[in-house]
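For reference, the structure is listed below as structure tokens.
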Amino acid sequence: MNSNKMQKAIQLYNTLSREKEDFSPIDPKEVRIYTCGPTVYDYTHIGNYRAYVFADVLKRMLEYNGLKVNHVMNLTDVDDKTIRNSQKEGKTLKEFTEFYTEKFFEDIKSLNIVPPTKFTKATDNIEAMVELIKKLLKNNLAYKSADGSIYFDIKKFKNYGRLSDLDLEAQKENASGRIKSDEYDKDNVQDFALWKAWDQKDGDVFWDPSTSFGASTKLGKGRPGWHIECSAMSMKFLGEQLDIHTGGVDLIFPHHENEIAQSEGATGKQFVKYWLHNEWVLVDSKKMAKSLNNFYTLRDLINKGINPLAYRFWLLMAHYRTRINFVLGALEGAETALKRLYGLYIGLGGDIGKIDKEYQKKFKERIGDDLDTPRALSLLWDLIKDPDVSATDKKATILDFDKVLGLDFENIKEEEIPEEVKKLVEEREEARRNQDFKKSDVLRDEINTLGYGVKDTPDGQKISKN
């Protein structure tokens, strides 16, 4: 099948048009994707990891369809939160953010997320941000306020509000305020800071563009606003026009709306062709968030004995555009189902045959339909149960599906059964041969208390971990 036919088969829901669209990259040779990464001021909570698992499945799906992907993810290591929290801990900004960056890398590895082509830190790209701000000043879309900060004038950008579907006239009436914070509420539409003039709260976190990047750069001593960071870094590493930009729905406004304004205001070109957003993970019907103190980290799950891949599996059981409510019991149920899948996979034997083309075709259709992972998982179960597909071909096809699902079937190993359990199973086998079923039941209960189950089959006893 040629690549054009493959690309037509892929449909993605574009937040900008509010409908599913056929996907076709700007450059057929390379798909350019930017993902808003974490702000490294604390452990990333599992609600945020939905965005990174979603972006990972998207990238895997595109590569599965034969496309080359250039994927960039930023690490926000300078903003109000990183400065505030580093000062509280008495650490330098770099020392503080590098610790949480390393923890983020550990987490994505445990979730089997393929690292992007490039990670990029905000503090490594200040010059690119300064150059972008200079363009916006030159294009008369930005201005300097009384305190020396530089703001973007949203009244002068005619398409402002299109992504988030804001009422343009109403927002223009309310747009005269100024806001220094990196975040503001959905209905609080105001000019936003591109460059924040230094004040005492920033301590030793500042840049002086006139000495760092040439005397003609008259922004004044300060630091970048949060929004300008992503515009500058995405365009620096991927060019002025991106195929896909991903993130959680909470970033649509103001962050992504502001990215569009800054980027298109500077270049005059459409910034992003397809905007893709994943929905929230809720707890008690509220968004999981550090500000609400209702969040879990991956470490919390690991401490409860839950495999992080069970969380990935649980996310894949729902469509990325569906809100999901996190309940520990549901996650434990997902882990049980995943263990069962692993057990069935191991039970197929050691040999790997050929990919079943009919199942592969169906999988491509389902995963290419706006990443329909629930239906893709349903197909995986169908495949395992299908008596007309050989065990070796099932293995090959499962491994093929897993290139997108990322559940790490390739590295699943049969668990070593403890000697104590093996001994009890042998004793039970002997009791059954002697038709001592009472003793057999007692031994089954003992095996259960050690965390294992035993099932009688025509081929003998089968042991599994509970």
Practice problem: Say whether the condition of being more than 28 Å from LYS135 (Cβ to Cβ), in contact with an Asp or Glu (Cβ under 6 Å, 6 or more places away or on another chain) and at pLDDT 95 or above is met by at least one residue in the stretch 249-265. | Solution: yes
Exercise. Would you please name the residue that is surrounded by the fewest Cβ atoms within 10 Å (Cβ to Cβ), looking only at residues in the stretch 285-296 that are without any contact (Cβ under 8 Å) to a residue 24 or more places away in the chain and assigned to a loop (DSSP other than H, G, I, E, B)?
Key: ASN293
Exercise. State all residues of the stretch 414-427 that are closer than 19 Å to LYS339 by Cα and either surrounded by 20 or more Cβ atoms within 10 Å (Cβ to Cβ) or without any contact (Cβ under 8 Å) to a residue 12 or more places away in the chain (or both); if no residue qualifies, say none.
Key: GLU416
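Tell me, yes or no, whether the stretch 368-376 has at least one residue that is over 37 Å from the mean Cα position of the chain (by Cα), farther than 21 Å from GLY333 by Cα and outside the structural domain of VAL114 (by TED's automatic domain parsing).
The answer is no; no qualifying residue exists.
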Exercise. Looking for whichever is surrounded by 12 or more Cβ atoms within 10 Å (Cβ to Cβ), out of contact with any Cys (no Cβ under 7 Å at 6 or more places or on another chain) and among the acidic types (Asp, Glu) here; the options are ASP459, ASP382, ASP388. Which one fits?
Key: ASP382
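Conditions (1) surrounded by fewer than 21 Cβ atoms within 10 Å (Cβ to Cβ); (2) at negative phi, marked per residue:
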| position | (1), (2) |
| --- | --- |
| THR211 | yes, yes |
| GLY239 | yes, no |
| ILE244 | no, yes |
| VAL272 | no, yes |
| TRP275 | no, yes |
Practice problem: Might you let me know whether the stretch 146-160 holds any residue that is under 30 Å from TYR311 (Cα atoms), in contact (Cβ under 8 Å) with a residue 12 or more places away in the chain and either outside the structural domain of VAL404 (by TED's automatic domain parsing) or of a type in the set (Val, Ile, Thr) (or both)? | Solution: no
Exercise. Taking the residues in the stretch 168-187 that are under 30 Å from the mean Cα position of the chain (by Cα) and either among the hydrophobic types (A, V, I, L, M, F, W, C) or at pLDDT 60 or above (or both) as candidates, determine which candidate is farthest from ASP77 (Cα to Cα).
Key: ILE179
Self-check item: Unique match (being among the acidic types (Asp, Glu), over 16 Å from GLY220 (Cα atoms) and either surrounded by 14 or more Cβ atoms within 10 Å (Cβ to Cβ) or touching a strand residue (DSSP E or B) at 6+ places or on another chain (Cβ under 8 Å) (or both)) among ASP147, ASP153
Solution: ASP153
Practice problem: Might you check whether a residue that is surrounded by fewer than 17 Cβ atoms within 10 Å (Cβ to Cβ) and farther than 29 Å from ASN325 by Cα occurs anywhere in the stretch 32-55? | Solution: no
Quiz item: Any idea which residue in the stretch 334-359 is surrounded by the most Cβ atoms within 10 Å (Cβ to Cβ), counting only those that are of a type in the set (Gly, Ala, Ser) and at pLDDT 95 or above?
Solution: ALA334
Quiz item: With (1) closer than 22 Å to LYS269 by Cα; (2) modelled with pLDDT under 95; (3) not acidic (Asp, Glu) as the list, and LEU194 as the residue in question, which single condition is left unmet?
Solution: (2)
Quiz item: Inside the stretch 17-124, counting only strands (runs of 3 or more DSSP E) that do not spill past its ends, which hold 1 or more residues that are under 30 Å from ASP202 (Cβ atoms) and of a type in the set (Lys, Arg)?
Solution: 118-121
Practice problem: Would you check if there is a residue in the stretch 433-447 being touching a residue at least 12 places away in the same chain (Cβ under 8 Å), under 30 Å from ILE355 (Cβ atoms) and in contact with a helix residue (DSSP H, G or I) (Cβ under 6 Å, 6 or more places away or on another chain)? | Solution: no
Quiz item: Of (1) crowded, with 16+ Cβ neighbours inside 10 Å; (2) aliphatic (A, V, I, L, M); (3) more than 23 Å from GLU416 (Cβ to Cβ), ILE306 satisfies all except one. Which?
Solution: (3)
Quiz item: TRP226 versus (1) at pLDDT below 95; (2) over 14 Å from VAL78 (Cβ atoms): which is the lone unmet condition?
Solution: (2)
Exercise. Within the stretch 233-283, count every residue that is part of a helix (DSSP H, G or I) and closer than 18 Å to ASP165 by Cβ.
Key: 14
Quiz item: Among the listed residues THR82, THR92, THR15, which satisfies the condition of being polar (S, T, N, Q), surrounded by fewer than 18 Cβ atoms within 10 Å (Cβ to Cβ) and touching a helix residue (DSSP H, G or I) at 6+ places or on another chain (Cβ under 9 Å)?
Solution: THR92
Quiz prompt | Per-region count, the stretch 193-228, residues part of a helix (DSSP H, G or I) and under 13 Å from ASP80 (Cα atoms) | solution = 5
Quiz prompt | Which numbered condition LYS118 misses (of (1) surrounded by 15 or more Cβ atoms within 10 Å (Cβ to Cβ); (2) assigned by TED's automatic domain parsing to the domain that holds ALA232; (3) in contact (Cβ under 8 Å) with a residue 60 or more places away in the chain) | solution = (1)
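The values are calculated or read from the model by the stated rules, or taken from the named source; none is laboratory data. Since the model is a prediction, treat every value here as computed from it, not as a measurement. Neighbour counts are summed over all protein chains in view; Cβ atoms, including those assigned to glycine, are modelled from backbone coordinates with ideal geometry.
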